Amino acid sequence: MTRIAQAALTALILIPGMAQAMGPSVTASDQSVANGVVSAAEITADTNGWLVVHRTGAHMKPGPVVAHAPIRAGTTMDVAAILTEDVAPGDMLMLMVHGEDGGMQTGIFEYTLGAKEDGPVRMDGNLVMTVITAE
Ligand SMILES: [Cu+2]
């Protein structure tokens, strides 16, 4: 096999795995929040930051924040965010990865809707989020 063919073959083998390992992500399922907690099955982040739970709706825009929880750089399984207000069955929630940049204090959640402090991280210009429905 030529060196070029070998390099091409190596690239083909590596690319699918690399695509999966790259960048922040959040995974969550529709769930009951009757226990006062919203859970994300898995979150990957480049830096320490926050899981932020926004209200949302059919328009799929992030609304008021109803829960947040700290996350670490790397991958965290089963992240739990305690609700600060009631969420009813059928309500749609957007779970979003936020950073720790721009605020005055590290480890204190300083974000309010639209603020730069502890704002959302972006990957290729897109928010890192998933939408679930409370059951
Ligand atoms: Cu957000």
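The numbers here are math on the coordinates, done by the rules we state, and not lab data. Just so you know, these numbers come straight off a predicted model, no measurement behind them. Cβ: placed from backbone, ideal geometry, glycine included. Neighbour counts: every protein chain shown.
Which residues, counting only those in the stretch 105-135, are over 20 Å from Asp86 (Cα atoms), assigned to a loop (DSSP other than H, G, I, E, B) and either in contact with a Pro (Cβ under 7 Å, 6 or more places away or on another chain) or of a type in the set (A, V, I, L, M) (or both)? Across the stretch 105-135, the qualifying residues are Ile108, Ala115, Val121, Val128.
For the structure I just gave you, tell me whether Met129 is among the hydrophobic types (A, V, I, L, M, F, W, C), surrounded by fewer than 12 Cβ atoms within 10 Å (Cβ to Cβ) and under 22 Å from Ala41 (Cβ atoms). Considered against the rule, which asks whether it is among the hydrophobic types (A, V, I, L, M, F, W, C), surrounded by fewer than 12 Cβ atoms within 10 Å (Cβ to Cβ) and under 22 Å from Ala41 (Cβ atoms), Met129 comes out as no.
Only one residue in Asp46, Asp118, Asp101 is within 13 Å of the ligand (Cβ to nearest atom) and not hydrophobic (A, V, I, L, M, F, W, C). Which one? The conditions single out Asp118. Just checking, does the stretch 88-95 include any residue being under 19 Å from Val37 (Cβ atoms) and either without any contact (Cβ under 8 Å) to a residue 24 or more places away in the chain or in contact with a Gly (Cβ under 7 Å, 6 or more places away or on another chain) (or both)? Taking every residue of the stretch 88-95 in turn, at least one turns out to be under 19 Å from Val37 (Cβ atoms) and either without any contact (Cβ under 8 Å) to a residue 24 or more places away in the chain or in contact with a Gly (Cβ under 7 Å, 6 or more places away or on another chain) (or both).
With respect to (1) over 17 Å from Ser25 (Cα atoms); (2) surrounded by 18 or more Cβ atoms within 10 Å (Cβ to Cβ); (3) within 13 Å of the ligand (Cβ to nearest atom), the lone exception for Val87 is condition (3).
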